[in-house]
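What follows draws every value from the coordinates through simple rules; no lab data is involved. Please read all numbers here as calculations on a predicted model, not as lab measurements. Note: ideal-geometry Cβ built from the backbone for every residue, glycine included; neighbour counts use all protein chains shown.
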Amino acid sequence: MPLLVLFAAPSADWPEWETPLRAAFDAAGLDVRLVVEADPAAVDYVIYAPPGTVSDFAPFTRAKAVLSLWAGVERIVGNATLTQPLCRMVDPGMTGHMVSYVVGHVLRHHLGLDRHLKRSAPVWDQTPPPHPSDRTVAVLGLGELGGACAAAIAALGFPVTGWARTAKALPFPTDHGEDGLRRVLGAAEIVVTLLPRTAETENLLDARRLGWMRKGAVIINPGRGALIDEAALLAALDAGHLGHATLDVFRTEPLPPDHPFWTHPRATVTPHIAANTHPPTASGVIAENIRRGEAGERFLYLVDRAQQY
Ligand code: NAP
Ligand code: GLV
């Protein structure tokens, strides 16, 4: 009998996923019936992305796993009805998107591109940007995405420092803990935040910790809006303590039209486009996890419910 796999992501996502998912199941030799509606008690695996078509997972008594199409799982990890294993998305295609977004925005600020793109008079100002080796970039969060971004920035010659929950041995200096955060923030001119939203990371960058950042430093946040205290960030930008904030994610999305970030001269808003999951590569990840489930092997990218990521 074929495995019954329910696509419980928003219906608008179905057209871009149906063909690559079917192709990935075929390539993995899986006999799958992929559907958008089913009797919950008959479903073997649930593919999920927020807001999703399922909010009560209790009737999915047969399901062996819920497979997220998103890396960030904060909208499902606390769901009390979800007792099945939850796997987050780690997708090389998504990582490629994120690396290009982060590198692009780091280079925008490093090169001072705005000065040339928005020139209002013919001023021949030959002030060069500093050499990359003189500009430290901090990356908060050294998981799949933060780790890849940090490596790419380091490969361009920038001194990189990283910060995560646990100690790391990486080819660049890293730190952890509150004192470590203070050191990392105090050393960098550009700070990239690629942390998950959890109880511990909520408002991580509050007024006190933003105050640890260097005067004129830039923050680039493609992680989650809740990592930063919005009012504190606006105050730091208004006061010129921070030079710029490039923000891809927000507490409320879409960002409301009257939100001050839209018009702030020191803020850039991008509409949560840093790193979409890439269906051609991510479908293979979903298929591999179903293959593992059927073979009794450990799932890839299992979410730690206690840590919430
Ligand atoms: P990941 O592999 O789970 O890595 C998370 C990193 O955050 C790890 O290094 C982890 O530390 C660190 N961390 C977690 N809690 C922490 C804490 N309390 N203090 C310090 N460090 C902490 O996640 P990922 O795949 O890199 O994704 C990161 C986030 O990016 C996602 O959760 C999502 O919110 C966001 N995202 C955004 C977009 C977009 O388009 N804007 C796209 C995809 C993902 P350890 O290494 O010590 O565990
Ligand atoms: C997107 O924000 C994701 O978490 O995959």
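Scanning the range 53-89 for residues that are among the small types (Gly, Ala, Ser), part of a loop (DSSP other than H, G, I, E, B) and under 15 Å from the mean Cα position of the chain (by Cα), which turns out surrounded by the most Cβ atoms within 10 Å (Cβ to Cβ)? Per the stated criteria, the residue is Ala71. Please state which one of Ala152, Ala65, Ala71, Ala138 is touching a helix residue (DSSP H, G or I) at 6+ places or on another chain (Cβ under 7 Å), in contact (Cβ under 8 Å) with a residue 12 or more places away in the chain and within 16 Å of ligand 2 (Cβ to nearest atom). Only one candidate qualifies: Ala71. Within the range 27-48, is even one residue closer than 22 Å to Gly293 by Cβ and within 16 Å of ligand 1 (Cβ to nearest atom)? Yes, because at least one residue in the range 27-48 is closer than 22 Å to Gly293 by Cβ and within 16 Å of ligand 1 (Cβ to nearest atom).
Given the criterion buried (at least 16 other Cβ atoms within 10 Å of the Cβ), within 14 Å of ligand 2 (Cβ to nearest atom) and either part of a loop (DSSP other than H, G, I, E, B) or in contact (Cβ under 8 Å) with a residue 24 or more places away in the chain (or both), identify the matching residue among Thr268, Thr246, Thr281.
Working: Thr268 fails: within 14 Å of ligand 2 (Cβ to nearest atom); Thr246 fails: within 14 Å of ligand 2 (Cβ to nearest atom).
Thr281 is the lone residue from the list that is buried (at least 16 other Cβ atoms within 10 Å of the Cβ), within 14 Å of ligand 2 (Cβ to nearest atom) and either part of a loop (DSSP other than H, G, I, E, B) or in contact (Cβ under 8 Å) with a residue 24 or more places away in the chain (or both).
The condition of being away from ligand 2 (no atom under 16 Å from the Cβ) and either in contact with a Gly (Cβ under 6 Å, 6 or more places away or on another chain) or closer than 27 Å to Arg298 by Cβ (or both) holds for only one of Pro130, Pro59, Pro92, that being Pro59.
One residue stands out among those in the range 90-121 that are within 12 Å of ligand 1 (Cβ to nearest atom), among the β-branched types (Val, Ile, Thr) and touching a residue at least 60 places away in the same chain (Cβ under 8 Å): the one that is surrounded by the most Cβ atoms within 10 Å (Cβ to Cβ), which is Val102.
Here Glu253 fulfils each of the conditions (1) under 28 Å from Gly112 (Cβ atoms); (2) within 22 Å of the chain's Cα centre (by Cα) apart from (1).
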